[in-house]
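What follows is one structure encoded as structure tokens, with my remarks underneath.
Please treat every number below as a calculation from the coordinates, not as lab data. Remember, predicted model here, so these are calculated numbers, not experimental data. Methodologically, a virtual Cβ is constructed for each residue, glycine included, from the backbone with ideal geometry; neighbour enumeration extends over all protein chains shown.
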Amino acid sequence: MKRDKMNFTLTSRRKGTSTEYIPLQENSLNAVIDMGADESDGVVDITITAEKDFSGIVRIALDRGEKPSENAGFFLPGFMYGTNRGDAPLVTDSKTPRLRMIEEFPASPWWMVRSDRLSHPCALMYQNGRVTGFAASPYYILQDGSKVAWKPGSSGEFCQYTGFGCSLPQNEVWYTLGYENAPWMFIDSHKITDRRDPDENCFELKSGETITVSLYCYDYEGDERTVHDIIKSVYEKYHESPHRKCSVSQTVRDISEAIAKDAWIPDKHCYSGFVFDKGDHFENRLLPSISWTNGLSAAVPMLFSAHRINDGNMRDQALDCIDHIVNNSINEQNGLPYLVEQDGIWSNRGWWYDKQNTPGHAAYLIGQSVYLILKAYEREKAWGITHDAWLEFAKGVIKRTEQCRNSDGEYAYILSEKTGAGKEYDSFSGAWLMAAAAYYSKLTGEKQYISDMLLSEAWYYDSYVKHLQCYGGPLDIDKNIDSEGILSYLRAVRYLHEIVESDDIKDKLLDHLRDALYYEYTFKFCYNSPVRVPPLSKTGWSSCGGSITSVTNPHIHPMSSSVMDEMAYYLRYRNDEYVRNRLEDTILWSCQCHNTFDGEFDYGKKGWMSERFCHSEGLLTEHYPDGSVASTWFALMPWACGSILEGLTGEAWSD
């Protein structure tokens, strides 16, 4: 980064005073900024000395030296993407931090957040063909009584989180010693607290004490995808591997046997959505759906697990669920599957129904369901068993969904219950329909859909993936930016690459597959954050390798583990060490999230695993009996386990 483009401003806020950040000197602090002699390394060292005891927050701001613009975008990975669609409607059920020039809840012109709300310790801004910003340590440790910035390989007692932030009007990114969650703290999309006076989040400096902050600074020309180059650099600087806990084969056995034993509901032809251990009995919460949070998302990975461990009863359960959906779910009015069965009645009124602006069939579940049925079909056929009804089910649904594109080439978000026509668009959800159609074409050799799918793929890439603005995936977050949606696109591009013949198109699709993987990696932790809340704080659980769900749901969930095969597929064609390392992180993370013995995570039996891993202050809504917060849900959740099983039972994995 060129020295003449760096402009650092240091301010501070003392505990118990105004919320305003004032010059360091007014709080008896001094700073020396060392730009270094070598411009190529981009390292800036800032040494801060306290003339008097200080307890509060120190904020280091880097601006671009340009006029503020509403077109600027900021990237705090896992937390802020562009403006988090700050220009979109704010009056939604799910609230999430957004950037706007004028404060209008839940939007603000600026944000500050504790470091572990980010997957990587960096803050970047994009404007006028440049990406600028820095990376810095996410927390401080004590070494021989002194505070030092943590870096991989360093040892010492955890001392203090740092913080990151951004400002649209000042055109700045921020790093803080100590931290604030401001102007609001989002515990979840419905539980938001006001800004609080700094307390345990203060940074302490004694009179005469000195601290040095090292910033790795970046200033690259390029579009938003340049963020990926910086994230790769940050990964290399701060990567810390997940702890090795359980083997792949044992993980598959532990989880699948627990689901088969404790979650199967024979008369419902499916698994429980939640299973709670009540001591003398289990309590089930069904949460019915044909995929996503039940149904095929559990059954198909369980089928793969049954073959992996040679369990006939487990296979029978999975086949019962799949066959029941294939044989009974179709809406005769339009040829599309209904999404939910309740008390023997099929409909689209799932638990998410009242969160939809438009009623109807959701592309997210339709496409995911067909994709999973095709994946089960291919695996069973490889094992010598053909399910013609499964393929016919997929053929009929895809014939209908291939007609729901709009003039841009985008698949519908919601389809009509009467006709199957597209009713709502502007979302990434429809990429699941593309994934299903691409997979069907690969399995059958059918070519009639390929040209249209390539046009759709280009639309999703140019409109969403290229700008790191993938929104409208799952139905419960009001089209906010997430990591879930990209998982459908990864599958679609992988199978399109398999079926197209042009070398030029194949190469472009590999580029798109890479960029989509890199986008997913912006949500995937690169280091092991120091979790302070049990049970995760005491089990040796690692955050590295797990992906933050979305900018709306600030927890790590296992869904990204389901695309290990897509990572491996990319590596067949390109030697990308970054992807290889991320894949290894994902495998290791996936093998340490379940009980390896009864009650290991303070609930449940061996093999039990929930979907929720609270790595930060976000989503701490579960409680122990004494009222204290817990960092996971106390329930077995088969669909979440299914994401782990789908990944670990892929074609490439064994011990």
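For region 245-291, which semi-axes, largest first and in whole Å, follow from the square roots of 5 times the eigenvalues of its Cα gyration tensor? Could the numbers behind the result be given before it?
Values: eigenvalues 94, 43, 17 Å².
Taking √(5λ) for each eigenvalue gives 22, 15, 9 Å, largest first.
Hey, could you get me the Stokes-Einstein D for region 377-510, Kirkwood radius over alpha-carbon pairs, 4 °C and 1.567 mPa s, rounded to whole µm² s⁻¹?
Stokes-Einstein gives a translational diffusion coefficient of 84 µm²/s.
Any idea what angle helix 296-309 forms with the longest principal axis of the chain, computed on alpha-carbon atoms, 0 to 90 degrees, nearest 10?
Once rounded, the angle reads 80 degrees.
Hey, what did the chain get for relative contact order, percent, Cα under 8 Å, at least 6 apart?
14
Going by the alpha-carbon gyration tensor, a ≥ b ≥ c the square roots of its eigenvalues, is region 129-247 rounded (a/c under 1.5) or, if a/c is not under 1.5, prolate (a/b greater than b/c) versus oblate?
Cα axes put region 129-247 in the rounded bin.
Grab the eigenvalues of the alpha-carbon gyration tensor for region 263-382, scale each by 5, take roots, and send me the semi-axes largest first in whole angstrom.
Three semi-axes, in Å: 23, 20, 12.
Jot down the per residue volume, in cubic angstrom and as a whole number, of the convex hull over the alpha-carbon atoms of region 28-99.
174
At a threshold of 8 angstrom on Cα-Cα distance, excluding pairs fewer than six apart, so keeping six or more, what relative contact order does region 3-230 reach in percent?
Worked out over region 3-230, it gives 26 percent.
Assign unit charges at the C-beta atoms only (+1 for Lys and Arg, -1 for Asp and Glu), then state the dipole size of the chain relative to its Cα centre in Debye, rounded to the nearest 20. Walk me through the intermediate numbers first.
Values: 65 positive and 93 negative charges, 9 e Å.
I would put it at about 40 debye.
Using Stokes-Einstein with the Kirkwood hydrodynamic radius over Cα pairs, what translational diffusion coefficient do you get for region 11-134 at 25 °C and a viscosity of 0.890 mPa s, in µm²/s rounded to a whole number? Please report the intermediate quantities before stating the final value.
Numbers: Rh = 16.9 Å.
After rounding, the answer is 145 µm²/s.
Classify region 454-593 from the C-alpha gyration tensor, please: rounded if a/c falls under 1.5, else prolate or oblate depending on whether a/b exceeds b/c.
Judged from the Cα gyration tensor, region 454-593 comes out oblate (a/c at least 1.5, b/c at or above a/b).
Report the far tail of the P(r) of region 160-220, meaning the percent of Cα-Cα pairs longer than 14 Å.
70
Stokes-Einstein diffusion coefficient for region 565-655 at 4 °C in a medium of 1.567 mPa s, Rh from the Kirkwood formula over Cα pairs: what value in µm²/s?
87
Once the Cα atoms of helix 564-573 and of the chain are each reduced to a long axis, what angle between those two axes, in degrees from 0 to 90 to the nearest 10, is obtained?
The helix 564-573 is inclined about 80 degrees to the chain.
No solvent, one uniform scatterer per C-alpha: report log10 I(q)/I(0) for the chain via the Debye equation at q = 0.11, 0.12 1/Å, two decimals.
Taken in order of the listed q values, log10 I(q)/I(0) reads -1.08, -1.27.
Just tell me the longest site-free run in the chain, where the sites are chymotrypsin sites (Phe, Trp or Tyr not before Pro) in a DSSP loop having at most 11 other beta-carbon atoms within 10 Å.
Values: sites that count: W383, F597.
In short, 1-382.
Round to the nearest 10 and give me the degree value, 0 to 90, for the angle of helix 248-262's Cα axis relative to the longest principal axis of the chain.
Helix 248-262 sits at roughly 60 degrees to that axis.
When only alpha-carbon atoms count, how far does region 594-640 stretch along each of its three principal axes, as whole angstroms with the largest first?
So the extents along the principal axes, rounded to whole Å, are 26, 23, 14.
With charges only on Cβ, +1 for K and R and -1 for D and E, what is the dipole size of region 3-230 about its Cα centre, in debye, rounded to 20?
The dipole magnitude comes to about 440 debye.
Pull out a ≥ b ≥ c, the square roots of the eigenvalues of the alpha-carbon gyration tensor of region 3-230, then state rounded if a/c is under 1.5, prolate if not and a/b is larger than b/c, and oblate in the remaining case.
Since a/c reaches 1.5 but b/c is at least a/b, the shape of region 3-230 is classed as oblate.
Please quote Rg/Rh for region 189-328 to two decimal places, taking the Kirkwood radius as Rh and restricting both calculations to Cα atoms.
Reported Rg/Rh (Cα atoms, Kirkwood Rh): 1.20.
With Kirkwood's inverse mean 1/r over C-alpha pairs for Rh, give me the Rg to Rh ratio of region 473-548, two decimals please. Could you put the intermediate results ahead of the total?
Details: Rg = 16.9 Å, Rh = 14.8 Å.
That ratio equals 1.14.
Once you place label points 7 Å from the Cα toward the Cβ at I265 and R349, how far apart are they in nm?
1.7
Over region 1-128, what is the mean sequence separation of C-alpha contacts under 8 Å (at least six apart), divided by residue count, expressed as relative contact order in percent?
That works out to 22 percent.
Quick one: divide the alpha-carbon radius of gyration of region 75-175 by 2.2 N^0.38 Å and tell me what you get.
Its radius of gyration relative to the 2.2 N^0.38 Å reference: 1.24.
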